[in-house]
1. Consider Thr159 carefully, then state whether it is in contact with a strand residue (DSSP E or B) (Cβ under 6 Å, 6 or more places away or on another chain), touching a residue at least 40 places away in the same chain (Cβ under 8 Å) and closer than 25 Å to Arg237 by Cα.
2. Kindly indicate whether Gly106 is of a type outside the set (Phe, Trp, Tyr), touching a residue at least 12 places away in the same chain (Cβ under 8 Å) and at positive phi.
3. Within the bounds of region 231-254, is there any residue that is closer than 25 Å to Arg265 by Cα, out of contact with any Lys or Arg (no Cβ under 6 Å at 6 or more places or on another chain) and among the charged types (D, E, K, R)?
4. Give the residues of region 80-124 that are within 21 Å of Ile312 (Cα to Cα), part of a strand (DSSP E or B) and hydrophobic (A, V, I, L, M, F, W, C), sorted by residue number.
5. Here is a list: Pro62, Pro51, Pro71. Which entry is at pLDDT below 95 and either within 16 Å of Val310 (Cα to Cα) or of a type in the set (Lys, Arg) (or both)?
6. Given the residues Gly77, Gly72, Gly59, Gly65, which is the only one that is surrounded by 24 or more Cβ atoms within 10 Å (Cβ to Cβ), assigned to a loop (DSSP other than H, G, I, E, B) and either at positive phi or touching a strand residue (DSSP E or B) at 6+ places or on another chain (Cβ under 7 Å) (or both)?
7. Does region 84-94 include one or more residues that are modelled with pLDDT of 95 or more and within 27 Å of Arg305 (Cα to Cα)?
8. Test each condition in (1) surrounded by 22 or more Cβ atoms within 10 Å (Cβ to Cβ); (2) in a helix (DSSP H, G or I); (3) not assigned by TED's automatic domain parsing to the domain that holds Pro218 for Ala141 and report the one that comes out false.
Amino acid sequence: MHPETASPTTGLAVAFTQPGGPDVLHVTRVPVAEPGPGEVRVRVEAAAVHPSDIAIRAGMMPIAGPPPHVPGMAYAGVVEATGTGSAWRTGDRVMGMALPSSPYGGAYRERIVAPDDTLAAVPDHIRLDQAATLPMNGHTAIQAMRVLDLAAGSTIVVTGAAGALAAILLPLAAAAGLRVIGVCADDDHDTVLQRGATSVVTRGDDLAARVLSHAGGPVDAAVDLAVVDEAIVPAVRPGGVVVTLRGWAGAEDSGARIVPVMVPREWRAGRQLEMLADAPYITRPVETFAPHRAAQAHARIQSGRLRSGVVIDFR
């Protein structure tokens, strides 16, 4: 093979050897695999940074293989090689979710091999750094709506309604005919209403009691994006559903059905992200960090109240 066309054997990555704080992240080189049947290799331009990455880095979530461990669960880039039978073509712009707990590894790398069906096409008018912020939040919102499975006219309460995930969920809920009570800070009321909420309750103490008063009784369901856990459960009617993040399964005597979102289940459903590709959310501002500043990117996520995406830039 001619040197100019030879496949790379190693690629840049952000990794850690032992779990810990942001300072355990470092830049290294990792092997680059060739795509097998039904797979592609993507030249990653941007890998999104999410709270799940913090949990992986801290040793709270599983990661496959020996160190160095590469975290990251969402990315966007350009297909640079295809395996036999792949439906993608070299040069296609794609986004997808990665599973650090799988043999394919995490997304914080400049080249990743991925199964065809984990990917979605990125429209030409969307930057790849913006697209990288969609897979995790998009899959989570779609799964949450599937779990809710409510008839039009039902009422739900959504905590963290001004956050990035809610920017996808609220329009989906409104389009399904749900009445949405958004919970957010005082200065975010207008933003939440613009996203499709019917009304707003300010976050803070005695949240469930204030939601009950606002709604005139128990609501049909809650989606707890702010991870307030048991603080929102009493606002939901007996037999209603509370969708939670980060694995919280609730108390046995809550009266409501507590359903944690398990976003890895959506890994092989990449194409469903294309239904969200024209949403206003995807063109929101993005903060970019070079690979050697990955620790600062993690610290930025941990600082809270973000109104922009955070990505590691591998261009």
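The values are calculated or read from the model by the stated rules, or taken from the named source; none is laboratory data. Note that this is a predicted model, so its numbers are computed, not measured. Cβ sites come from the backbone with ideal geometry, for glycine too, and all protein chains shown count toward neighbours.
1. Yes, satisfied.
2. So Gly106 does not fit the description; no.
3. Yes, region 231-254 has at least one match.
4. Val94, Met95, Met97, Leu99, Ile112, Val113, Ala114, Leu119, Ala120, Ala121
5. Pro51
6. It is Gly72.
7. For region 84-94, residues modelled with pLDDT of 95 or more and within 27 Å of Arg305 (Cα to Cα): absent.
8. Answer for Ala141: the failing condition is (3).
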